[in-house]
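These notes concern the structure reproduced below.
Readers should treat all values here as calculations from the given coordinates under stated rules, not as data from a laboratory. All of these numbers come straight from a predicted model, not from anything done at the bench. A quick note on method: Cβ atoms are made from the backbone with ideal geometry, for glycine too, and the neighbour counts reach across all protein chains shown.
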Amino acid sequence: MISPDADPSKATRTSVRTVIVPAAGMGTRFLPATKTVPKELLPVVDTPGIEMIAEEAAAAGATRLAVVTAPHKEGVLGHFRPRPDLEETLRERGKDAIADKVNRACEVITVAPVVQERPLGLGHAVLVAEELLDADEDAVAVMLPDDLVLPRGVMDRMAEVRARFGGSVLCALELPREEVSSYGVFDIADCAEEGFADVKRVRGMVEKPEPAEAPSNFAAVGRYLLDRAVFDALRAIPRGKGGEYQLTDAIEALIEDGHPVHVVVHDGFRHDLGNPGGFIRACVDFGLAAPEYGPGLRRYLQARLAEDDTAAARDDGSGRGA
Ligand code: UTP
């Protein structure tokens, strides 16, 4: 597994104050669990994805997490509130390390909540958070809590790119072409600027194209550094795919208006916590890396897979597993 943190010596802090975390979606792919438990609180080992995002935002220098929730997803905000009763009981019982863990989310960054009354799409969720920004904030970050982008720290590079080229900066991963059809895919041009070999200029975006029609194999992942102009674009777009207001449509509109948009091609990978298949992989990766669970999990997986191989060999009559 790749180390979760980028080389800290390379990090420069972003100038953004506010990170918007949209967490008001329906979590359809995780039903029935998400009937009462917000998807953003499902734990990877023991830590919810949204807490990892809060840590990433704070590490990038942001001071405010604008959390967009739905009326029935109050638990998302509860996770960032202190629980003195729980802490006291844990400390009385000598469980200080767990009490510290319970407090972590409350201390890492200031949370500012805003409610999206109906799930009208990611673009709409970002738009409702505009009211939380100060008048002098000329850019804002958006981080999706169901996307773990590893190694962490890509926002720092995105801030460097905005400082050089202005406009908005997104994050891309280079994927095998056959995998791009579940992503937004960039139409890109090389950026011939020294020191920016990992950066490309965006000419357009296509949402979930067939592999043969994809303009590239560079796919969008859930990190955005957006010029404040995005809010005017969000107000102007009509409903798009699925009847929702799409953030990618607003970014397209910015590009059409001549607004500079670049991507940082991240040298790493992402875990998609938004669907059970991706979530299970993240749990395995983080579980293997956890000192208290890793060795046991490794032994279990090795034995379990060997058992499967033996059964498969027996079933195909080769006797390889005998
Ligand atoms: P997703 O599309 O992954 O989340 O949106 P979802 O809509 O909850 O998932 P499914 O498709 O129903 O399974 C990415 C992020 O944007 C938020 C989600 O909560 C998630 O964190 N979101 C999405 C909103 O805040 N509001 C919306 O209207 C839609």
Quiz item: At a Förster radius of 30 Å, what calculated FRET efficiency corresponds to the Cβ-Cβ distance of Glu107 and Ala197, to the nearest 0.05?
Solution: 0.20
Quiz item: On full extension of the chain, what length is gained from Lys95 through Arg239, given 0.36 nm per residue of separation minus the C-alpha to C-alpha distance?
Solution: 46.8 nm
Quiz item: Quick one: of the DSSP bridges fully inside the chain, what percent are antiparallel, nearest 5?
Solution: 60
Exercise. Enumerate the amide H contacts of Asp187 below 5 Å, restricted to partners 5 or more residues apart or on another chain; note that Pro and chain-start residues carry no placed amide H.
Key: Arg203, Gly204, Met205, Val206
Self-check item: Share antiparallel - DSSP beta bridges, the stretch 38-135, percent rounded to 5
Solution: 25
Quiz item: Which whole-number percentage describes the relative contact order of the stretch 183-322, with Cα contacts under 8 Å and a sequence gap of 6 or more?
Solution: 18
Exercise. Could you please state, rounded to a whole Å, how far the C-alpha centre of the stretch 256-322 is from the C-alpha centre of the stretch 48-86?
Key: 27
Self-check item: Reachable lysines, given that their alpha-carbon falls under 22 Å from the alpha-carbon of Lys35 and they are not under 8 places away in the same chain
Solution: Lys73
Exercise. Just name one of Thr248, Ala229, Phe269: the one whose Cα is farthest towards the positive end of the charge dipole of the stretch 212-322 (beta-carbon charges, Lys/Arg +1, Asp/Glu -1).
Key: Phe269
Quiz prompt | Cα-Cα P(r), the chain, percent of pairs per 20 Å interval | solution = 29, 56, 15, 1
Quiz item: Mean separation of Cα pairs under 8 Å and 6+ residues apart, divided by the residue count of the chain: what relative contact order is that in percent?
Solution: 21
Exercise. Determine ³J(HN,Hα), in whole Hz, for all residues of the stretch 244-258 in sequence, where each value follows from phi through the Karplus function 6.51 cos²θ - 1.76 cosθ + 1.60 and θ = phi - 60°; x replaces Gly and Pro.
Key: 10, 7, 9, 4, 5, 5, 5, 5, 4, 4, 4, 4, 4, 7, x
